[in-house]
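Taking it in order: structure first as structure tokens, then the write-up.
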Amino acid sequence: MILALAGGVGGSKLARGLAACLAPSDLTVVVNTGDDFRHLGLWVSPDLDTVVYALAGLANRETGWGLAGETWHFMEALGRLGGETWFRLGDRDLATHVERTRRLDAGATLSEVTAALCAAFGVAHRVVPMSDQPVATVVHTDEGPLPFQHYFVRRRCVPAVRAVEHAGAHSARPSPAFAAALDDPRLRAIVVAPSNPLLSIGPILAVGGVRDAIAGARVPVVAVSPIVGGEAVKGPAAKILRELGHAASAATIATLYAGVADGLVVDERDRALCRTVEAAGLRVCVADTLMTDAQREAGLAQVVLAFAAELAEARGGRASA
Ligand code: FO1
């Protein structure tokens, strides 16, 4: 059984690759919910939806979020009324948020709602929130503190980041399926997807007890660098790293994951950084990490699983992926 930690676009691509290689009972994808927020009266869980839509084969490959073939009549109508349109909810996507909110308001947990949505979308692999308690990512910037989506979408990541806060994470507990996966005797490896280490993986590791549980896991923890050739594959990761005083480099990813991950997969373009990654205490694997189509997603997933198996072997054969 493989446990994958994922954020938005990069996370959903590797999750789709892993799902292509593993049976539904052999994969649990734990998703960041620090980006979740109440908007227009609805509970929106962007990263959960991105992963679920990807595994359902319904994802919008151009935007990386939302549904393919979406229409925007609701947004247009809302705009005509003078409503808030900075965060775009497509007509079909809207149904997901309405139904999630109805179920949460009726007392279901986010895990229960996500399981129901997965079943409705025909997603057989387990996709679960990191926690059923709310955790809110707050981005502290030169313009003051901004709730995540206000920083990311409304302000288009323009303000300079000074710090990232995961409000509520300390008292939050891992969701039941996340906790069960961490304790599962069938667990063979933990995979950290090439998602933003500060905005997407950071909130998952900040949930009460999670960082220690993963750092002390008996199985290999393998991360994939979201930085390739000094730039983020998508999103503001490189800009934020620089604003926080780090080099935008796969070597910085190694430093950030030191003590948590055992191995880092870096792109072929970053082969020269292997020694620096190893100096941070991580084993390194070089691969083509750009997941531009389904074949490459599955190819990278296979590389990650083989690397995890190699690390397990090196630990003395206690586990094999
Ligand atoms: N991202 C944008 O850049 N603009 C949007 O209007 C937007 C709307 C949106 C609606 C639903 C959803 O699930 C995601 C949406 N996203 C949008 C993406 C979202 O802000 C990011 O994917 C994540 O929160 C970061 O991983």
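The values are calculated or read from the model by the stated rules, or taken from the named source; none is laboratory data. The shown structure was predicted, so the numbers you read here are calculated from the model rather than taken from an experiment. Cβ sites come from the backbone with ideal geometry, for glycine too, and all protein chains shown count toward neighbours. The area values use the complete protein model at the heavy-atom level, side chains included, leaving out ligands, DNA and RNA. Shrake-Rupley method; radii C 1.70, N 1.55, O 1.52, S 1.80 Å.
Observations on the structure shown:
- Cα-based helix-to-principal-axis angle, 110-121 vs the chain, degrees rounded to 10: 90 degrees
- The DSSP beta bridges internal to segment 2-314 are antiparallel in roughly 40% of cases.
- Segment 55-75 and segment 167-225: distance between their alpha carbon centers, rounded to Å: 28 Å
- Of all the options E297, E268, E76, the one that moves most in a Gaussian network model of the chain with Cα springs shorter than 10 angstrom is E76.
- Each Lys and Arg adds +1 at its Cβ and each Asp and Glu adds -1 at its Cβ; summed about the Cα centre, the chain shows a dipole of about 200 debye.
- Selected from S12, S225, S111 as most flexible by GNM, with the chain as the system and alpha-carbon contacts under 10 Å: S111
- Environment charge at D142 (Cβ cut-off 10 Å; Lys +1, Arg +1, Asp -1, Glu -1): -1
- Summing charges over all other residues whose Cβ lies under 14 Å from the Cβ of R102, with Lys and Arg as +1 and Asp and Glu as -1, gives 0.
- Solvent exposure of the chain, expressed per residue, is 42 Å² of accessible area, with all protein chains present and a 1.4 angstrom probe.
- When shorter helices are ignored and each DSSP H run of at least 4 residues is given -39500 (n - 2.57), the per-residue value for the chain at 222 nm works out to -11000 deg cm²/dmol.
- Here the accessible area of the chain is 54 percent carbon and sulfur, with a 1.4 angstrom probe and all protein chains present.
- A simple count of charges around D47, restricted to other residues whose Cβ falls under 11 Å of its Cβ and scoring Lys, Arg +1 and Asp, Glu -1, yields -3.
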